[in-house]
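To keep things clear, I will list the structure first and then write my remarks on it.
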Amino acid sequence: MDFEGFFKTELEHLKDNGNYRVFADLERHRGDFPKATRYDASGQISEVTVWCSNDYLGMGQHPDTLNAMKEALDRCGAGAGGTRNISGTNHYHVLLENELAELHGKQAALLLTSGYVANWAALSTLASKIPGCEVFSDTDNHASMIEGIRHSKVPKHLWKHNDVEDLDRKLSDADPSVPKLVAFESVYSMDGDICPLDEILDVCEKHNAMSYLDEVHAVGLYGPRGGGISEQEGLADRVTVIQGTLGKAFGVMGGYVAASENLVDFVRSFASGFIFSTALPPALAAGATASIKHLKSSDMERMRQRRNVRLLREKLDAIGLPHMDNDSHIVPVMVGDAKKCKFISDLLLENYGVYVQPINYPTVPKGTERLRITPSPMHTDADLDHLVNALSELWSQCALSRAVA
Ligand SMILES: *Cc1c(COP(=O)(O)O)cnc(C)c1O
């Protein structure tokens, strides 16, 4: 076998289909979100404004987060020094887990390396260890949930995205004696739509099914204390498992599940992806705790973000640029053509110092290629005007159609 030749051919296919990923090489500026220095392929540098970060509130640059990380680094050093079971449990992990349990009004929480690992480990463990369990998964679920469910090897039923009736039908078709787990998200990242949580929970309860809710794009952002859509709707106590990340609105890194004491202890005791992996560095745990605490009491970032989201939508409407309507903080500007989407993104970066990554197939369906824009509280009105003017010029250059005002 010509291994090198094989890799090369496969990569050529990706490039031919326009699916080859090229990363923007960035150096973020401490305390100056959303600004960054960009290194291009020839080593040239330029200053850019980031418009597609999942550090939704700029908490990765917040003084509370940074000071907590520095202090923990000075107290505890770099790494955790082991798996949680073998010397790696640092007091900062314990404090963070208490903070997370409290945030979601749950008895306990368990910290994992990332949101991806949390979904993968928790779902594969729960589904495979609960005798006879079957999983009911929303068709738009994130790859980490899909992989976790796949790894459990239990029967999986897909229900139509956010379609409560379809979920009810699929649950009704299953054997009433079978233990059921319903997996879904609150805010879906690409369309920015929000699940009908109350109705989904009604259906879960009707069929005595466990509910597993990925709140990755909602924690820190929704609810009076940043507890997510489940907190905003006052429904957290009815959700069996709330899963989240510390890497998006909380601005650091790590993932978790929050649930009953027994369920969390069960995942802690049986999940391979938790047990056999080095614990997160104490400084990360300290930074995440500070960030969560800050967003529990401060609403300013959320309010300012919503203002900027609303302003961006208004400015896009004013010049007729199509964007997908939703109730979240995610503004998908619809291009509808893979090449033009990439072209606009490239020119935004090269000529305007604006960085928005193009989102093409297979992340989204063909014909719905888009620029996924995430306004933050720190983008200024001048930043907004610059972005919208740049988009307007490129829209004309690409002869893309506009809505008639
Ligand atoms: C990003 C993401 C994850 C993974 O979280 P990380 O902490 O980035 O690993 C899980 N679920 C959804 C819906 C996501 O978008």
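The values are calculated or read from the model by the stated rules, or taken from the named source; none is laboratory data. All figures in this text were calculated on a predicted structure; none of them were measured in a lab. Note that each Cβ is placed from the backbone with ideal geometry, even for glycine, and that neighbours are counted across all protein chains shown. Note: areas computed on protein heavy atoms with side chains; ligands, DNA, RNA excluded. Shrake-Rupley method; radii C 1.70, N 1.55, O 1.52, S 1.80 Å.
Observations on the structure shown:
- About the centre of its Cα atoms, the stretch 1-100 shows a dipole size close to 240 debye [charges on the beta carbon of Lys, Arg (+1) and Asp, Glu (-1) only; nearest 20 debye].
- Rounded to 5, the percent of DSSP beta bridges in the chain classed as antiparallel: 60
- For Lys170, a cut-off of 23 angstrom between C-alpha atoms picks up these lysines, skipping any fewer than 8 places away in its own chain: Lys129, Lys153, Lys156, Lys160, Lys180, Lys206.
- Relative compactness, the chain, computed as alpha-carbon Rg over 2.2 N^0.38 Å: 1.02
- Using a Gaussian network model of the chain in which every pair of alpha carbons under 10 angstrom is joined by a spring, one finds that among Ser87, Ser328, Ser376 the greatest mean-square fluctuation is at Ser87.
- Sites listed here are chymotrypsin sites (Phe, Trp or Tyr not before Pro) in the stretch 15-99 whose DSSP assignment is loop and whose Cβ has at most 10 other Cβ atoms within 10 Å: Phe23.
- For the stretch 119-277, the share of DSSP beta bridges that are antiparallel, to the nearest 5, is 25%.
- Net dipole in debye of the chain [+1 Lys, Arg Cβ; -1 Asp, Glu Cβ; about Cα centre; nearest 20]: 520
- Taking the C-alpha atoms only, the angle from helix 300-318 to the longest principal axis of the chain is near 40 degrees.
- Surface composition of the stretch 202-282: carbon plus sulfur atoms hold 50% of the accessible area, using a 1.4 angstrom probe and ignoring ligands, DNA and RNA.
- Considering only Thr113, Leu167, Gly226, and ranking their Cα positions along the charge dipole of the chain that arises from unit charges at the beta-carbon of Lys, Arg, Asp and Glu, the one farthest toward the positive end is Thr113.
- Considering helices alone, the calculated mean residue ellipticity of the chain at 222 nm is -13500 deg cm²/dmol, with DSSP H runs of length four and up weighted by -39500 (n - 2.57) and normalised per residue.
- Full-stretch length increase - Thr37, Arg169 - with 0.36 nm per residue and alpha-carbon distance subtracted: 42.4 nm
- Above-threshold pairs, the threshold being 18 Å between Cα atoms, out of Lys339/Lys366; Lys15/Lys366; Lys15/Lys248: Lys15/Lys248
- Shape class for the stretch 285-405, computed from the alpha carbon gyration tensor (a ≥ b ≥ c): prolate, with a/c not under 1.5 and a/b above b/c.
- Degrees between helix 381-397 axis and first principal axis of the chain (Cα, 0 to 90, nearest 10): 70
- Think of each Lys and Arg Cβ as +1 and each Asp and Glu Cβ as -1; about the Cα centre, that makes the dipole of the stretch 140-263 roughly 480 debye.
- Surface analysis of the chain yields an accessible area of 46 Å² per residue, using protein heavy atoms and a 1.4 Å probe.
- Sites matching chymotrypsin sites (Phe, Trp or Tyr not before Pro) across the stretch 195-289 that sit in DSSP coil, with at most 15 neighbouring C-beta atoms within 10 Å: Phe276
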